[in-house]
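The values are calculated or read from the model by the stated rules, or taken from the named source; none is laboratory data. This one's a predicted model, so the numbers in the text were calculated from it and none came from an experiment. Here Cβ is always computed from backbone atoms with ideal geometry, including for glycine, and neighbour counts include all displayed protein chains.
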Amino acid sequence: MSKKRTKTKSIQDKLYTKRRLVILNEDTFEEIFSFKLNLMNVFVSVSISAILLIAITTVIIAFTPLREFIPGYSSSKLKKDATELALKSDSLTLALKKNEVYIKSIQKVLTGELEYAKFNKDSILSSSLDQQAQADLSPSSEELKLREQVNKEESNSILNKGKVQKKAKNNQ
C-alpha cells in the first residue's frame, strides 16, 4: 500500500514541479523570453488547443460550402434541381403516353378500323387514363402460399401461448 502511495506521490511531484522554458538567441545567448511551466499545464493547454482545433474545423465544414467536397454530401441546389427534373420527367412520360394513344387512334381511323364519327380526342385520352388506372392486383400463387404459411405460424404461436398461460395458471 505504501508503494502505491509513494508511486502516486512521485507522479504528482513530476506533474506539478515547476520547470523553466527559456528561449535564447544562439549567437549572443541573450534571453528572448522564458516561461515557468509544469507538465500538468502543458498537458491541459495541449488538450484544450486540440479540442478547439477540432471544434473550429467542424464548424467550418458544417456551415460553409466546403461540406460539398466531402463524399456523401451534395449541395442543396443540386437536390432541388434533381427533384424538379424528376417531376418534369414524370409529366413528360405521361404526356408521351397520351400522345402515343392518340396517334394509335388516328392510325385506326386511317386504316378504317374505327369510324371517324366515333373518333374524339377527349374520349381517347379518358380511355387511356382508365387503362393506366386499371392494374392487376390479384395475388400470385407464391403470395397465396406465403399467406398460408404465415397464417399457420400465427395460429401455432397463438396455440403455444395459450398452452403456456394455462400451465402458468395451473401452477399457481
Query raised in the report: out of contact with any Asp or Glu (no Cβ under 7 Å at 6 or more places or on another chain), more than 30 Å from Ser76 (Cβ to Cβ) and outside any helix (DSSP H, G or I): does that describe Leu15?
Result: no
Query raised in the report: Which is under 47 Å from the mean Cα position of the chain (by Cα) and of a type in the set (A, V, I, L, M), of Leu37, Leu52, Leu21?
Result: Leu52
Requested in this report: Check whether at least one residue in the range 19-40 is free of Cβ contacts under 8 Å to residues at least 60 places away in the same chain, in a helix (DSSP H, G or I) and small (Gly, Ala, Ser), and report yes or no.
Outcome: no
Query raised in the report: Do we have Leu92 as of a type in the set (A, V, I, L, M), modelled with pLDDT of 80 or more, under 30 Å from Ile23 (Cβ atoms) and part of a helix (DSSP H, G or I) here?
Result: no
Report task. Please verify whether the range 116-138 includes one or more residues that are assigned to a helix (DSSP H, G or I), at pLDDT 80 or above and surrounded by 10 or more Cβ atoms within 10 Å (Cβ to Cβ). Result -> no
Query - Unique residue being outside any strand (DSSP E or B), small (Gly, Ala, Ser) and modelled with pLDDT of 90 or more when the list is Ala62, Ala55 - result: Ala55
Report task. Answer yes or no: is there a residue in the range 12-25 that is among the aromatic types (Phe, Trp, Tyr) and in contact with a strand residue (DSSP E or B) (Cβ under 6 Å, 6 or more places away or on another chain). Result -> no
